[in-house]
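The numbers here are math on the coordinates, done by the rules we state, and not lab data. Keep in mind it's a predicted model, so treat the numbers as computed, not measured. Here the Cβ positions follow ideal geometry from the backbone for every residue, glycine too, while neighbour counts run over all protein chains shown.
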Amino acid sequence: MWIYEKKLQYPVRVSKSDPQMAKFLIEQYGGADGELAAALRYLNQRYTIPDKVIGLLTDIGTEEFAHLEMIATMIYKLTKDATVDQLVAAGLGENYAARDHALMYNNASGVPWTAAYIQAKGDPIADLYEDIAAEEKARATYQYLIDLTDDVDLQDGLKFLREREIVHALRFREAVELLKEERDRQKVF
Amino acid sequence: MHIHHLLLELQALDFVLIELTLYLDTHPDDQTAIEQFNRIAKERAQHAVAYESEFGPLLQYGLSYSRYPWDWSNAPWPWQVD
C-alpha cells in the first residue's frame, strides 16, 4: 500500500503570479515525459521485472508522486491569484472555461494524458532502457522549463527536479548492469 | 505559514535517506552506506516527533498520533505553505 506524507519533498517557491509559466509546467504534470507518466510507468513494470530491481522501481516510482505534487504546487502558486483576463492572455482561457483554476492531467497543449505514453514490455532490459530514456527526456524538459522563466525561486525547484532525473537515470543504468551480471552468472553455472 | 526550519531540516534528512535508499537499491553490499542509513533514519524519527508536536501529524492511518479535535485535516496542506 501507499502512505501519504503531509509535506513536499523539496520547498516550492515562486516570486510572482505567472499563468503563462504554469501553462508550460503542465507538460510535466500530464505530458508524455511528465511525473504522472513516470510514476505509473515504473510502478506498473514492477510486477514482471526480476526481484533484484523491484525495490528500485518501487522507490523511484514513489518519488515521482512526490515530484507530481511539487509540479502541482508550482502550477497552483503561479495561477491562484491570476484574474480571468490574465488566464486568457496566458492561453489558459480554455482551461478556465472547462474547470476554473482546477488542474487536469494534460500536456502544455491541453492534450489529455494517455497510457500510450508509457510501456511495459515484459523484458527487463527493454523496460529499463525505456526508463532511462524517460528520465533523460524529463531532464531535457526541465532544462527547457528553466530556460523559459527568469523567476529564480521557481528555477530552484525546477533545478532540484532536473537533478533527480539525472540520479534516477544513473540508478536505472546500474540496474541494467545488475541484471546483466546475474544473467552472465547463470550462463557460467 | 512560512517554511519553518523544522520542515527544512526534515526535508534535508529525508533527502539523505531517499538518496541512500536508491543507492542501496543498486549497491546492497555497501556496509558503510547501510550504517549511515540506519543512523540518519534514527535521527529522522526523532526529528519527526519534534516537527509533529509543533505542526501536527505528517502521516495518518495510525502512523502519527492525533490531538483533540482530529488534527490531520488542518491546513496548511503542503502546496499552501509559502
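Quick look at the values:
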read-out: Any hit, segment B:28-44, residues being of a type in the set (Lys, Arg) and either within 13 Å of chain A (Cβ to nearest Cβ) or in contact (Cβ under 8 Å) with a residue 40 or more places away in the chain (or both); value: yes
read-out: Of the criteria (1) buried (at least 17 other Cβ atoms within 10 Å of the Cβ); (2) of a type in the set (D, E, K, R); (3) more than 29 Å from A:Lys159 (Cβ to Cβ), which one A:Asp100 fails; value: (1)
read-out: Residue in segment B:41-62 that is among the aromatic types (Phe, Trp, Tyr) and either within 12 Å of the chain's Cα centre (by Cα) or not in a loop (DSSP other than H, G, I, E, B) (or both) present; value: yes
read-out: Positions within segment A:120-134 being in contact (Cβ under 8 Å) with a residue 60 or more places away in the chain and either loosely packed, with under 15 Cβ neighbours inside 10 Å or in a helix (DSSP H, G or I) (or both), in sequence order; value: A:Gly122, A:Pro124, A:Asp127, A:Leu128, A:Glu130, A:Asp131, A:Ala134
read-out: In segment A:133-160, the residues that are within 30 Å of A:Pro50 (Cβ to Cβ) and within 13 Å of chain B (Cβ to nearest Cβ); value: A:Glu135
read-out: Boolean, B:Ala12 is in contact with a helix residue (DSSP H, G or I) (Cβ under 7 Å, 6 or more places away or on another chain) and more than 9 Å from chain A (Cβ to nearest Cβ); value: no
read-out: Residue list for segment B:45-62, restricted to those being loosely packed, with under 12 Cβ neighbours inside 10 Å, within 14 Å of chain A (Cβ to nearest Cβ) and more than 30 Å from A:Glu174 (Cβ to Cβ); value: B:Glu54, B:Tyr61, B:Gly62
read-out: Tally of residues being part of a helix (DSSP H, G or I) and in contact (Cβ under 8 Å) with a residue 60 or more places away in the chain across segment A:141-152; value: 4
read-out: Some residue of segment A:24-43 being over 22 Å from A:Trp113 (Cα atoms) and in contact (Cβ under 8 Å) with a residue 40 or more places away in the chain; value: no
